[in-house]
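Report on one structure; see the data block that follows.
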Amino acid sequence: MIKKLYIVVLLCLCAFGMQAREYASVAEVPNPRDIDAGAYVANPDGVLSPQCVADLTKISQMLNEQTGVELVYVALESIGFEDAFDFSLDLFNTWGIGDKEKNRGVLIFIAMEYHDIQIRTGGGVEGLLPDATCSEILWGDMVPEFRKGDYDKGMRDAAIAVYEALTTDEAQAELLLGWKREPVSESPYKGLSIISLLVMLFTLLKHFVQPKCPNCKKKGSTCKNEVIHAATYAAAGEGIHHYVCSHCGHKWDKPYTISKLTPPSSSSSRRSSYGGGYSSRGGSFGGGRSFGGGAGGRW
Amino acid sequence: MIIAAVAAIAFWALGKYNAMVTAEENVETAWGQVENQYQRRADLIPNLVSIVKQFAKHETEVYEKTMEARAKATQITIDPANATPEQLMAFQQAQGELSQALGRLMAVAESYPEIKSNENFLQLQSQLEGTENRIAVARNAFNEEAKTFNILIRKFPNNIVANMFGFQKKPYFEADENAKKAPDVRSIFED
């Protein structure tokens, strides 16, 4: 009896395994965010090597830290007779790639059976990654490598090209422009009260933590901060406190670190991934949309 | 009692009216996107024509037809709030003729290797493809918004409110005639 059941289960698994190779609809594609909140690659059929997946994830993480853009890759064995453009667009909007406010998302999609490549851009990156650029990446970086059978290199080159196009100084300035507005639009009161509370606490704390003058051992000094390296979204900064004792006039310096900036969009997008309107549709990215931008082709 | 009932109905009607206004606004926004994308395509055409012209000087008829179709297509504008199905059909037909003219233009370009390897042409071609994609997406989005609106105003008892305030059913984009028709294989082998 148990043996029979075992066989049935095995058969079911086999059937499931065979089916999983062809994705007839977007809902069947496993969303990488269901497993790992920091994932950017959906590679359910093992089209790409683990090393390549790690590289692509790294590139996307760096891009997200610096610009807030979500660059996602999907490599599938087959989508049957589905149209690759429609499929990639549907996937983009169902998962909600990119943030909800500015739609800063990019999807690089490949389906092996009919040699389809689609690059989809969200509404917020269309200007920086116009169709012509996507087309250049597709035909210049991906297709030649894919024709040689080196999918890993083609994907990596494409990811790097997207990364480079979106991290020039001008591109970053344009992409980051949106970040300052977001926390305000979310909930002005919540942010305000927390900030004012923190400021109050900080001033209180400052009094107690105020350093003693090394000369006269009394508390009470004025402090000026000098920033040596400003903090960025990627790294912490450094600065120096210049103290002047208000009792004896003694001056002394003390170095300090400035903590790394946390992009408000990534926190808000993560929040919306669990509580937002898109989560019900299985999307665990930021909730961004594409209006059909990008390029498509076959290798 | 009667006053309370009338007030309740008035409140309900007010809510429905507002919902219809919002839905109609969405239809208009979606239409704006459709028009934007068609305009974008129209803006690309003069550049495309001038590049192809540089290399293929003798295909004057194709250029004239394309520019003519472009002029005709850009003349038709529609107010989505009061558009009739016939008006939308006329709009779609004019754009469809432009698509056909563009198809011929691209076919000419295809037969000249110098054009096909021209950097500017390749850029314009990818932009044109992208724009065609966006047109399709925008048209679908418009149809969806129009459907939402139509369902809202035609359901009972909403239709009473809709009639009172003169909300009208919105037309849809039909699938393109050419795309629907299977090609006539026989005609290819005749003559």
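Every number in this text was worked out from the coordinates using simple rules, so none of it is lab data. As the structure is a computational prediction, the values presented were derived from the model and not from experiment. Counting neighbours? That spans all protein chains shown, and the Cβs are built from the backbone with ideal geometry, glycine included.
For this structure, a couple of remarks:
- Efficiency of FRET between residue B:40 and residue A:27 - r from beta-carbon atoms, R0 45 angstrom, step 0.05: 0.90
- The P(r) of the stretch A:6-159 has a tail past 23 Å containing 36 percent of all C-alpha pairs.
- Label-point separation, residue A:150 to residue A:257 (7 Å along Cα→Cβ), nm: 3.9 nm
- Least to most buried among B:91, B:165 (fewest other Cβ within 10 Å first): B:165, B:91
- Summed side-chain charge close to residue A:142 - residues other than residue A:142 whose Cβ falls under 13 Å, Lys, Arg +1, Asp, Glu -1: -2
- FRET efficiency for residue B:99 and residue A:35, using Cβ-Cβ distance with R0 set to 41 Å, rounded to 0.05: 0.40
- Inter-chain Cβ neighbour count for A:81-91, averaged per residue, equals 1 (cutoff 10 Å, partner chain atoms only).
- Kyte-Doolittle at least -0.5, axis length at least 24 Å by Cα - qualifying DSSP helices, chain B: B:2-55, B:85-110, B:119-154
- Applying the criteria of a DSSP loop state and at most 16 other Cβ atoms within 10 Å to the GluC sites (Glu not before Pro) of the stretch A:94-176 yields A:113.
- Computed helical MRE - 222 nm, chain B, DSSP H runs ≥ 4 contributing -39500 (n - 2.57), nearest 500: -27000 deg cm²/dmol
- Applying the criteria of a DSSP loop state and at most 10 other Cβ atoms within 10 Å to the GluC sites (Glu not before Pro) of the stretch B:114-166 yields no site.
- Whether the stretch A:70-175 is rounded, prolate or oblate, judged on the alpha carbon gyration tensor where a/c under 1.5 counts as rounded: oblate
- Euclidean distance between Cα centres, the stretch B:1-48 to the stretch B:112-155, Å: 22 Å
- Simple label model, 7 Å out from Cα along Cβ direction - residue B:169 to residue B:107, nm: 3.8 nm
- Computed over the stretch B:2-189: relative contact order in percent, which uses C-alpha pairs under 8 Å that are six or more apart: 33 percent
- With K and R counted +1 and D and E -1, the other residues having a Cβ less than 15 Å from that of residue B:55 yield a net charge of -1.
- Compactness ratio for the stretch B:1-157: Cα radius of gyration over 2.2 N^0.38 Å (N = residue count) comes to 1.48.
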